[in-house]
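Here is the structure we will look at.
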């Protein structure tokens, strides 16, 4: 195996050097990067990735090998918790006592003129906050009684309270949040990060996605797709039923030992083939088959939550036999602990329009909070206790906010209390990995309609996450269809005040 | 060219040269395109280009670069580098002044090059790919030829080159000091060419026939047979589906189904019929604009109806209509011009010669299309069932016999045909305004309740006394009043709304209107006292002329016949169709690409840096399509030829097939590209089969793909083609090969997409209840291109092998090599089933394990395994057979699957299945060698 690896590295190094040479000389683009020779198998140095001016074929043989950041990163990995559908900031974090005074009154015309809403038509009524708010921790963060467990960990959190977006429908807003563009087809944040940094554990995919809530997020798999980046960087969804990774189980009637023998036979014959035809791609294939075999073991092992002690299961509120958001939080910790670079959680069911009890802010939202609150708090505590929170960035949020008005879909009074999609203001939070502890950034107006201070756009938010991981977001680019693309499109400013 | 210059210079010394610097004679002329433009693009253009013009200075266009900058200074003074501000600023030491600002200084030789270029007159050059395609000379088999003969064992003088392609390749190899490789063995060659041309491996018999054929045209016979095979069309349609972003769903959040497979079938037939590429192009882009389009020409326009539709609640149809139009512009440029036009949606092109306005002029070609992101996917072409078809015929017959003036009769027939086949022209209800007690229900179709009202703007009523309304409601006793000009204006009609059971279950009604002249606003108001809260939904309305012989104020017999036809249940496929008259749109520039901020009005045209549209072409999509395939379009043929080359060799002559512009990677064999492009257009009259034949008949293509370590070191990516292509199979070919060699593959062609075996839980759409329903019978084993393609959850094993999701046009699949691919071919039940069937074949075609393994391998690779490899597999077979003998239950577990005869379970068959599974995972098997 060692010999094989050496051979692979040697062959690929020669090829890659030649490739750089070809490109740099024939196009006059990019700097001559002989660095690859000096860095073992990290053929694409981070510098290359940050200034990818060559053609868009990445044929590095170790495309996910770890790469150093451009400068010292504060975060080594990310757990991104996305509450798909978008929780109401006005019930959870953005305390607006003034809004209560307007409860039931007609929405002033100036908040409606020239605005578009997904479902509100005509003149809706204002709707006061439904949660009971109090300040918590030494930082005095406002959190409502919907999230009792989170109240206990606010001193580890930075709240961004004046987030705003451009999209008021779920799918485009989720795409904007995760890919920097509202239309399908761009790489997701996790793909950019694994493209830029590789993975620390070569027995596991570098970018893993866990979904709960019974459904995929509205924008589908595109929110963890690799877009125009090579597919090796796309998020691998670990499923809660069946094989955690598709086709990771051997066929029934084939045990591990037989599978090992088949892999060995494949490798042996492929090695003979390489000796004959000298195509370096064959060496890569041998390595990938061996990795596949290891992944068949390591993925189920990482997912084997039953091995956790009871007190951990209890702290997250996990039933190990059931797929749930809480289970995914615990899995997220197990995965980052094993060196997975980007763990993306999606929980479906946070869209609270008031059209049904489940989709209401007084009943459904409370339930969703109840099902998730303990696990999120436990995750932060667990990471902290293991010393992982210092260099793991945890992000929590939806794709947009919710209106201070009560939704009146098609001009009707709805049976339950709900709020429409709102793009002007919402709250997300971050913890760990280089952000301030017990901090709140940004303010909205008295009724939570507009951000009035320290507004943060989606692209700013993305620029900041990349910064924490050690990237200059303007330089982490990829050449596609004739121009360099990046996560933050043509915008994005780092939100410096929240950096620790 | 480099080495020749000196001779040309010396020989052709003339007045002009004497006048220039004396050194100029000995100096090589600097070439703008290859030497200067890359330098400018890399170092300068980000700030001094199309997007930014820092200090009022831009290097994008010559006139801009030679004009004074904001400072009044001339950056470039042709003929005088010392007087040029640009050179001064490049050479300063003060970092605040020195260019490029905040970046490393240019290297001395680079500055020297710029200096020489300016001294030589700062000659500008157009990018080569924008210049007309001219037939280049075929490199002569020159002095190197004699040397060559000694390199190629077993070949006489001049014998390596089989056609002109080889001359170009050899010329370059010679320059690089390389020699071509010998021809591949016949088994490898027939597998390669079969996989390339049909996407399927040859059968053992086909291979044997070829191997034993001693005639001199044995290979050509194989090629001709493959080009005639129906599988050819399937393979190349598969490629084109990525470009057409074909899918069986509409995309975006809800991603519901869309029936557009007739377009896919059209593609297969077009490739099989070898429809010339120019016709192939025009029909897809503008088949609907022919004077009397055939069904096939309509279906072909499905190409641009593969854009996504957003059915998510709360979305604005206009926003996504515009998104689809923009996608059509970008895709047209991507596919036919290999040019990233999308950049100039927001600003002038940073590198290539296109301006912001030109984007919108080009968009104007597409902006009249009638599709408006309506949930029904309208407009569609309707296919009537036989009984209803007869009704259509009888209606047309009636018109022809009733209307005496034949011209008038034909006009009426055309108008009625358009109506019954496409249900156009019509006004979609999302355009209604001034809503009272009304709403766009789920942001899709207009609906109102009791006392509700709305306006339909600017309707031309002259000669259109028949109103068609498609509506649905569960309300009883509802009445709609239609008034002219005002909410309380004169009543044109008062009609009871038919109760259809639900708002979605709509029916088309015809309402006679009195004769009214001119354009008017119409007001609809609803009276629904019995069920005031029930919605009355309207999908669309249409104002039609009177059919001949029908009474004015009530419905006649033929009115009812027409209505019957319109209400008939008919399968449909989305098509392109342009709006005219009131339905034509104006196109405006979108400021900074924002569709809500409209700038000046523009009319359709092509960019100025390209040859103009010939005056006899109409300024519409049809004219644009014809312009694309005009002989003087510099890009269409080059892009097409490059794409086919890439499909066969794994890499294009220009690697970046998506970008032929100045930012793309330059061609490895530019003259060859131009030669093939000219041949394609002129000699072969756009025949794709002839182009492909030319390429596969070349000696270059037929070389063996193995290489010496020296050659790999010298040309790791085989750009110079001193060896044959060696490339991993496409997602489709990996799948189809496994089914073909295990005899599972169905030969069935065409029809709705199928759902083969897929793991549970892949489809989790938030709202619609769509389910993956396993297809029955042979539909479980169709070729991969027939697999149902859901954009937000595409078939997983295909995506793992680098299929795009088909949300947008993808011009090139990047080939990856990942562990997830290994898991697919090792463990996906589709591949395990294939292994099992291959094992059954093996067990019937050999007496010993050795013989059986050889039989299986021959089935896949058309040749015997060498003994060393055979030994590995025999060893594997023996240990697994031992295992299954000891554990018969495990053999049963492995082999027990639906449709398998359980009495055949044996340790031998289980071990052969494991062996076959192993073989199907060998590198050489999933690679085209």
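The values are calculated or read from the model by the stated rules, or taken from the named source; none is laboratory data. This one's a predicted model, so the numbers in the text were calculated from it and none came from an experiment. All Cβ positions, glycine included, derive from the backbone under ideal geometry; neighbour counts span all protein chains shown.
Counting only residues that are part of a loop (DSSP other than H, G, I, E, B) and touching a strand residue (DSSP E or B) at 6+ places or on another chain (Cβ under 6 Å), how many does segment A:155-202 have?
Our first condition is that a residue be part of a loop (DSSP other than H, G, I, E, B); within segment A:155-202, this holds for A:165-169, A:180-188, A:198-202.
Remaining after also requiring touching a strand residue (DSSP E or B) at 6+ places or on another chain (Cβ under 6 Å): A:168.
Within segment A:155-202, residues that are part of a loop (DSSP other than H, G, I, E, B) and touching a strand residue (DSSP E or B) at 6+ places or on another chain (Cβ under 6 Å) number 1.
In segment A:423-439, which residue that is under 14 Å from residue A:94 (Cα atoms) and surrounded by 23 or more Cβ atoms within 10 Å (Cβ to Cβ) is farthest from the chain's Cα centre (by Cα)?
A:425
Of these, B:517, B:544, which one is closer than 22 Å to residue B:382 by Cβ and out of contact with any helix residue (DSSP H, G or I) (no Cβ under 6 Å at 6 or more places or on another chain)?
Working: B:517 fails: closer than 22 Å to residue B:382 by Cβ.
Result of the check over B:517, B:544: B:544.
Could you tell me whether segment B:276-291 includes any residue that is without any contact (Cβ under 8 Å) to a residue 24 or more places away in the chain, surrounded by fewer than 21 Cβ atoms within 10 Å (Cβ to Cβ) and more than 13 Å from residue B:809 (Cβ to Cβ)?
Yes, there is a match, as at least one residue in segment B:276-291 is without any contact (Cβ under 8 Å) to a residue 24 or more places away in the chain, surrounded by fewer than 21 Cβ atoms within 10 Å (Cβ to Cβ) and more than 13 Å from residue B:809 (Cβ to Cβ).
Name every residue in segment A:229-249 that is modelled with pLDDT of 85 or more and surrounded by fewer than 21 Cβ atoms within 10 Å (Cβ to Cβ), in order of residue number.
The answer is A:249, and nothing else.
Among the numbered criteria (1) without any contact (Cβ under 8 Å) to a residue 24 or more places away in the chain; (2) more than 30 Å from residue A:293 (Cβ to Cβ); (3) within 10 Å of chain B (Cβ to nearest Cβ), which one does residue A:218 miss?
Here residue A:218 meets the rest and fails (1).
Considering only segment A:363-386, I want to know if a residue exists there that is part of a strand (DSSP E or B), crowded, with 18+ Cβ neighbours inside 10 Å and touching a residue at least 40 places away in the same chain (Cβ under 8 Å).
So in segment A:363-386, the residues part of a strand (DSSP E or B) come out as none.
No, segment A:363-386 contains no residue that is part of a strand (DSSP E or B), crowded, with 18+ Cβ neighbours inside 10 Å and touching a residue at least 40 places away in the same chain (Cβ under 8 Å).
Under the condition of being in contact (Cβ under 8 Å) with a residue 40 or more places away in the chain and more than 22 Å from residue B:325 (Cβ to Cβ), which residue from segment B:260-272 is farthest from the chain's Cα centre (by Cα)? Talk me through it step by step, then tell me what you get.
Residues of segment B:260-272 that are in contact (Cβ under 8 Å) with a residue 40 or more places away in the chain, as a first pass: B:260-265, B:268, B:271-272.
Among the residues that remain, those that are also more than 22 Å from residue B:325 (Cβ to Cβ) are: B:261-262, B:264-265, B:268, B:271-272.
Values: B:261: 15, B:262: 16, B:264: 12, B:265: 15, B:268: 14, B:271: 14, B:272: 18 Å.
This residue is B:272.
Does residue B:835 meet the test of being crowded, with 19+ Cβ neighbours inside 10 Å, facing chain A (nearest Cβ under 10 Å), over 41 Å from the mean Cα position of the chain (by Cα) and assigned to a helix (DSSP H, G or I)?
Working: crowded, with 19+ Cβ neighbours inside 10 Å: yes; facing chain A (nearest Cβ under 10 Å): yes; over 41 Å from the mean Cα position of the chain (by Cα): no; assigned to a helix (DSSP H, G or I): yes.
It is false that residue B:835 is crowded, with 19+ Cβ neighbours inside 10 Å, facing chain A (nearest Cβ under 10 Å), over 41 Å from the mean Cα position of the chain (by Cα) and assigned to a helix (DSSP H, G or I).
Among residues belonging to segment B:46-64 that are crowded, with 21+ Cβ neighbours inside 10 Å and at pLDDT 80 or above, point out the one that is farthest from residue B:78 (Cα to Cα).
Of the residues in segment B:46-64, the ones crowded, with 21+ Cβ neighbours inside 10 Å are B:48-50, B:57-60.
Okay, now just the ones that are also at pLDDT 80 or above, so B:48, B:57-59.
Details: B:48: 18, B:57: 16, B:58: 16, B:59: 14 Å.
Here the residue is B:48.
Out of (1) within 9 Å of another protein chain (Cβ to nearest Cβ); (2) out of contact with any strand residue (DSSP E or B) (no Cβ under 7 Å at 6 or more places or on another chain); (3) within 30 Å of residue B:655 (Cβ to Cβ), the odd one out for residue B:815 is which?
(2)
Among the residues of segment B:790-806, is there at least one that is in contact with a helix residue (DSSP H, G or I) (Cβ under 7 Å, 6 or more places away or on another chain) and away from every other protein chain (no Cβ under 14 Å)?
No; the residues of segment B:790-806 include none that is in contact with a helix residue (DSSP H, G or I) (Cβ under 7 Å, 6 or more places away or on another chain) and away from every other protein chain (no Cβ under 14 Å).
Looking for something part of a loop (DSSP other than H, G, I, E, B) and within 14 Å of chain A (Cβ to nearest Cβ) - is there at least one such residue anywhere in segment B:230-244? Show your work before the answer.
As a first pass, look at segment B:230-244 and keep what is part of a loop (DSSP other than H, G, I, E, B): B:244.
Right, trim to within 14 Å of chain A (Cβ to nearest Cβ) and you get none.
For segment B:230-244, residues part of a loop (DSSP other than H, G, I, E, B) and within 14 Å of chain A (Cβ to nearest Cβ): absent.
Among what's in segment A:105-129 and is surrounded by 14 or more Cβ atoms within 10 Å (Cβ to Cβ) and not in a loop (DSSP other than H, G, I, E, B), pick the residue that is nearest to the chain's Cα centre (by Cα).
Ranking the qualifying residues of segment A:105-129, first place goes to A:120.
Against the conditions (1) in contact with a helix residue (DSSP H, G or I) (Cβ under 8 Å, 6 or more places away or on another chain); (2) in a loop (DSSP other than H, G, I, E, B); (3) touching a residue at least 60 places away in the same chain (Cβ under 8 Å), where does residue B:98 fall short? Just the number, please.
For residue B:98, the failing item is (3).
Of all residues in segment A:249-287 being within 21 Å of residue B:916 (Cβ to Cβ) and in a loop (DSSP other than H, G, I, E, B), which is nearest to the other protein chains (Cβ to nearest Cβ)?
A:253
Tell me yes or no: at least one residue of segment B:742-762 is within 14 Å of chain A (Cβ to nearest Cβ), modelled with pLDDT under 95 and more than 25 Å from residue B:913 (Cβ to Cβ). Before you say what the answer is, go through the steps one by one.
Initial filter on segment B:742-762 (within 14 Å of chain A (Cβ to nearest Cβ)): B:757-762.
Filter once more, so that each one left must be modelled with pLDDT under 95: B:757-762.
Retained after the next criterion (residues that are more than 25 Å from residue B:913 (Cβ to Cβ)): B:761-762.
Scanning segment B:742-762 turns up at least one residue that is within 14 Å of chain A (Cβ to nearest Cβ), modelled with pLDDT under 95 and more than 25 Å from residue B:913 (Cβ to Cβ).
Report whether or not residue B:921 is within 13 Å of chain A (Cβ to nearest Cβ) and surrounded by fewer than 19 Cβ atoms within 10 Å (Cβ to Cβ).
Details: within 13 Å of chain A (Cβ to nearest Cβ): yes; surrounded by fewer than 19 Cβ atoms within 10 Å (Cβ to Cβ): no.
Judged against the criteria, residue B:921 is not a match.
So residue A:159 ticks every box in (1) over 30 Å from residue A:414 (Cα atoms); (2) within 14 Å of chain B (Cβ to nearest Cβ) but one. Which box is left unticked?
Residue A:159 satisfies every listed condition except (2).
Report yes if some residue within segment B:861-875 is part of a helix (DSSP H, G or I), in contact (Cβ under 8 Å) with a residue 60 or more places away in the chain and within 30 Å of residue B:928 (Cβ to Cβ); otherwise report no. Spell out how you get there, then give the answer.
We begin by selecting, within segment B:861-875, every residue part of a helix (DSSP H, G or I); these are B:861, B:867-875.
Narrowing the set further to residues that are in contact (Cβ under 8 Å) with a residue 60 or more places away in the chain leaves B:861.
This time we only want the ones that are within 30 Å of residue B:928 (Cβ to Cβ), so: B:861.
Yes: segment B:861-875 contains one or more residues that are part of a helix (DSSP H, G or I), in contact (Cβ under 8 Å) with a residue 60 or more places away in the chain and within 30 Å of residue B:928 (Cβ to Cβ).
Give just the number: which of (1) part of a loop (DSSP other than H, G, I, E, B); (2) at the interface with chain A (Cβ under 9 Å from one of its Cβ atoms) does residue B:900 not satisfy?
Failing condition for residue B:900: (2).
Output the residue which, of all residues in segment A:291-331 that are closer than 15 Å to residue A:201 by Cβ and more than 13 Å from chain B (Cβ to nearest Cβ), is nearest to the chain's Cα centre (by Cα).
Residue satisfying both the conditions and the ranking: A:331.
Exactly one of (1) over 27 Å from residue A:72 (Cβ atoms); (2) surrounded by 24 or more Cβ atoms within 10 Å (Cβ to Cβ) is unmet by residue A:207. Its number?
Evaluating residue A:207 over (1) over 27 Å from residue A:72 (Cβ atoms); (2) surrounded by 24 or more Cβ atoms within 10 Å (Cβ to Cβ) leaves (1) as the failure.
Only one of these is in a helix (DSSP H, G or I), more than 8 Å from chain A (Cβ to nearest Cβ) and within 23 Å of residue B:744 (Cα to Cα): B:821, B:908, B:882. Name it.
Details: B:821 fails: more than 8 Å from chain A (Cβ to nearest Cβ); B:882 fails: within 23 Å of residue B:744 (Cα to Cα).
On inspection, the qualifying residue turns out to be B:908.
Regarding segment A:180-198, can at least one residue be identified that is free of Cβ contacts under 8 Å to residues at least 24 places away in the same chain and either buried (at least 24 other Cβ atoms within 10 Å of the Cβ) or at the interface with another protein chain (Cβ under 9 Å from one of its Cβ atoms) (or both)?
Within segment A:180-198, the first condition is being free of Cβ contacts under 8 Å to residues at least 24 places away in the same chain, and the residues that meet it are A:182-183.
Going one step further and asking which of them are either buried (at least 24 other Cβ atoms within 10 Å of the Cβ) or at the interface with another protein chain (Cβ under 9 Å from one of its Cβ atoms) (or both), we end up with A:183.
For segment A:180-198, residues free of Cβ contacts under 8 Å to residues at least 24 places away in the same chain and either buried (at least 24 other Cβ atoms within 10 Å of the Cβ) or at the interface with another protein chain (Cβ under 9 Å from one of its Cβ atoms) (or both): present.
When you go through (1) within 11 Å of chain A (Cβ to nearest Cβ); (2) in contact (Cβ under 8 Å) with a residue 24 or more places away in the chain; (3) surrounded by 24 or more Cβ atoms within 10 Å (Cβ to Cβ); (4) over 15 Å from the mean Cα position of the chain (by Cα) one by one for residue B:783, which number turns out not to apply?
Checking residue B:783 against (1) within 11 Å of chain A (Cβ to nearest Cβ); (2) in contact (Cβ under 8 Å) with a residue 24 or more places away in the chain; (3) surrounded by 24 or more Cβ atoms within 10 Å (Cβ to Cβ); (4) over 15 Å from the mean Cα position of the chain (by Cα), the one that fails is (1).
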